[in-house]
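Just below is one structure, and these are the notes that go with it.
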Amino acid sequence: MEAREKVRQYLYRNVGNLVTAGRSVFDLKNHYWHVPVLCKTDRGIFIVGEFKLDQELNFVFIPTKQEMLKVLNAQLKRTLTLVNEEPDEVRQRGLIPVTL
């Protein structure tokens, strides 16, 4: 089993089906696998954490669900959303309109 697949299975069982493992990268200097966690939302796909595994594919670091949710919420706050509405309607919803 490869590092990405091991992380993918862990996420599916313990977090849910809207997250998955990204491309695994092996750090030759420190001898660890780094596997990003990708989260699918209605605004796109975001990296919300990273697993670390040793050469034998044992978990060294596992981000918690709460940590990943915190990262996701911070990224969603910074992400622009395009809407096709009048600026006054956007302001009424508590948003800041930007004209492109």
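Computed from the coordinates by the stated procedures, all read-outs in this text should not be read as laboratory data. Only a predicted model underlies this, so the values are computations on that prediction, with no experimental measurement involved. Cβ coordinates were reconstructed from backbone atoms using ideal geometry, including for glycine residues, and neighbour counts include every protein chain displayed.
Evaluate the distance, in nm, between pseudo-label points positioned 7 Å from the Cα of F59 and of D27 along their respective Cα→Cβ axes.
Going by the 7 Å Cα→Cβ label model, 1.8 nm.
For the range 3-92, with the dipole built from +1 on Lys and Arg beta-carbon atoms and -1 on Asp and Glu ones, taken about the Cα centre, which of L28, T81, G49 lies farthest toward the positive end?
Among L28, T81, G49, the one farthest towards the positive end of the dipole of the range 3-92 is L28.
Can you match Cα extents along the principal axes in Å to one of these, (1) 37, 33, 22; (2) 46, 30, 27; (3) 58, 29, 19, based on a calculation from the structure here?
Structure-derived value, by its label: (3).
In percent, how large is the relative contact order of the range 2-100, given Cα pairs closer than 8 Å and 6 or more residues apart? Provide the component values of the computation, followed by the final result.
On the way: 130 pairs, mean separation 16.7, N = 99.
That works out to 17 percent.
Using only the alpha-carbon atoms, how far is helix 3-14 inclined from the longest principal axis of the chain? Give it as 0 to 90 degrees, nearest 10.
Taking the Cα atoms of the chain, the angle to 3-14 is about 60 degrees.
Run the reach check for K70 against aspartates and glutamates, Cα to Cα strictly under 18 Å, same-chain hits fewer than 8 apart removed. What comes back?
Those aspartates and glutamates meeting the cut-off are D42, E50.
Search the structure for amide H atoms under 5 Å from the amide H of F51, placed 1.01 Å from N in the peptide plane, and list their residues when 5 or more places away or on another chain.
V35, V37
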